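**Q** Before we start, here is the structure in question, set down as structure tokens.
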Amino acid sequence: MSKKEQLVVQTSVKDESLIELRRQQIIEASVKLFKEKGFYRATTREIAKAAGFSIGTLYEYIRTKEDVLYLVCDHIYTKVMVRISEISSQSGTIEELKEAIKQYFLLIDSMVDEFTIMYQETKSLPKEAMQYVLRKELEMVSLFEKILHNCVKSGEITLSDKEIYLAANHLVVQGQSWAFRKWAFHKDFAIEDFIELQTKMFLSGILRL
């Protein structure tokens, strides 16, 4: 499955723009509902009501409740891929790396509920969708790997391939920790403070300061 390929959630609707609109409504309604009730307790009828249409209309755009959770997960990774891909210019500068970290962390701050729900509930996804989500997670890591490789090529940093892979995973996890641990972090840090300190500690490691 290529990076541009998406796992298909079946729909009986042919209008692509309408599909995108309705599924965005479903995602937004589901995130609020799953946060309030949890995935298992929330019903498809409640999702339809929260989204503003009938249960019959809902089933024109999804097949199962698990499809809704898949859409939430895929929505997150699409946002990350677009945001980071827009930054990468292959310049290999530390400033580009810092900007990628900043934008990734800010995106997580704007999608705290989505990230939390994704990691709490993805175990409910069918096997194929679960494998897809895991591949998308690795693709997200690869975005930072690419930026770090460019920094090595430009001579800004010196890291082995294994160190780059570990560092890229570290960035992805540290960013997501803002979603999982915000309840603790927000007492002492605004998101800007969190980004500044995490970036400083990360750079001190890869620059071997």
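**Q** Restricting to the range 148-190, and then to whatever is hydroxyl-bearing (Ser, Thr, Tyr) and outside any loop (DSSP other than H, G, I, E, B), can you tell me which residue is modelled with the lowest pLDDT? Please lay out each step first, then the result.
**A** Kept after step one, since they are hydroxyl-bearing (Ser, Thr, Tyr), are these residues of the range 148-190: 154, 158, 160, 165, 177.
Going one step further and asking which of them are outside any loop (DSSP other than H, G, I, E, B), we end up with 165, 177.
Details: TYR165: 97, SER177: 94.
Restricting to residues being hydroxyl-bearing (Ser, Thr, Tyr) and outside any loop (DSSP other than H, G, I, E, B), the top hit is SER177.
**Q** Any idea which residue in the range 173-191 is surrounded by the fewest Cβ atoms within 10 Å (Cβ to Cβ), counting only those that are more than 19 Å from LYS35 (Cβ to Cβ) and in contact (Cβ under 8 Å) with a residue 60 or more places away in the chain?
**A** ILE191
**Q** Ok, one more. Looking only at the range 1-43, count every residue that is in a loop (DSSP other than H, G, I, E, B), at pLDDT below 90 and aliphatic (A, V, I, L, M) and tell me the total.
**A** 5
**Q** Of all the residues that make up the range 79-101, how many are among the polar types (S, T, N, Q) and either without any contact (Cβ under 8 Å) to a residue 12 or more places away in the chain or in the same structural domain as ALA48 (by TED's automatic domain parsing) (or both)?
**A** So the answer is 1.
**Q** Can you find a residue in the range 44-56 that is outside any helix (DSSP H, G or I), in contact (Cβ under 8 Å) with a residue 12 or more places away in the chain and not assigned by TED's automatic domain parsing to the domain that holds GLU137? If you could, list the steps in order and put the result at the bottom.
**A** Just the residues of the range 44-56 that are outside any helix (DSSP H, G or I), to begin with: 52-54.
Filter once more, so that each one left must be in contact (Cβ under 8 Å) with a residue 12 or more places away in the chain: 52-53.
Then keep just the ones that are not assigned by TED's automatic domain parsing to the domain that holds GLU137; that gives 52-53.
Checked against the condition, which is being outside any helix (DSSP H, G or I), in contact (Cβ under 8 Å) with a residue 12 or more places away in the chain and not assigned by TED's automatic domain parsing to the domain that holds GLU137, the range 44-56 yields at least one hit.
**Q** For the condition among the aliphatic types (A, V, I, L, M), within 23 Å of HIS75 (Cα to Cα) and either under 14 Å from the mean Cα position of the chain (by Cα) or not assigned by TED's automatic domain parsing to the domain that holds LYS35 (or both), what is the one hit in LEU134, LEU159?
**A** LEU134
**Q** Against the condition within 18 Å of GLU121 (Cβ to Cβ), in contact with a Ser or Thr (Cβ under 8 Å, 6 or more places away or on another chain), assigned to a loop (DSSP other than H, G, I, E, B) and in contact (Cβ under 8 Å) with a residue 24 or more places away in the chain, how does TYR61 come out, does it pass?
**A** no
**Q** Only one residue in LEU203, LEU125, LEU207 is over 13 Å from the mean Cα position of the chain (by Cα) and crowded, with 19+ Cβ neighbours inside 10 Å, so which one is that?
**A** Testing whether each residue is over 13 Å from the mean Cα position of the chain (by Cα) and crowded, with 19+ Cβ neighbours inside 10 Å leaves just LEU125.
**Q** Moving on. Looking at PHE194, PHE144, PHE105, which one is within 13 Å of the chain's Cα centre (by Cα), modelled with pLDDT of 90 or more and buried (at least 20 other Cβ atoms within 10 Å of the Cβ)?
**A** Working: PHE194 fails: within 13 Å of the chain's Cα centre (by Cα); PHE144 fails: within 13 Å of the chain's Cα centre (by Cα).
Selected residue: PHE105, the only one of PHE194, PHE144, PHE105 that is within 13 Å of the chain's Cα centre (by Cα), modelled with pLDDT of 90 or more and buried (at least 20 other Cβ atoms within 10 Å of the Cβ).
**Q** Just checking, how many residues over the range 36-90 are more than 30 Å from HIS149 (Cα to Cα) and surrounded by 16 or more Cβ atoms within 10 Å (Cβ to Cβ)?
**A** The number of residues fulfilling the criteria is 20.
The values are calculated or read from the model by the stated rules, or taken from the named source; none is laboratory data. Quick caveat: nothing in here was measured; it's all calculated off a predicted structure. In this analysis, Cβ positions are derived from the backbone assuming ideal geometry, glycine residues included, and neighbour counts consider all displayed protein chains.
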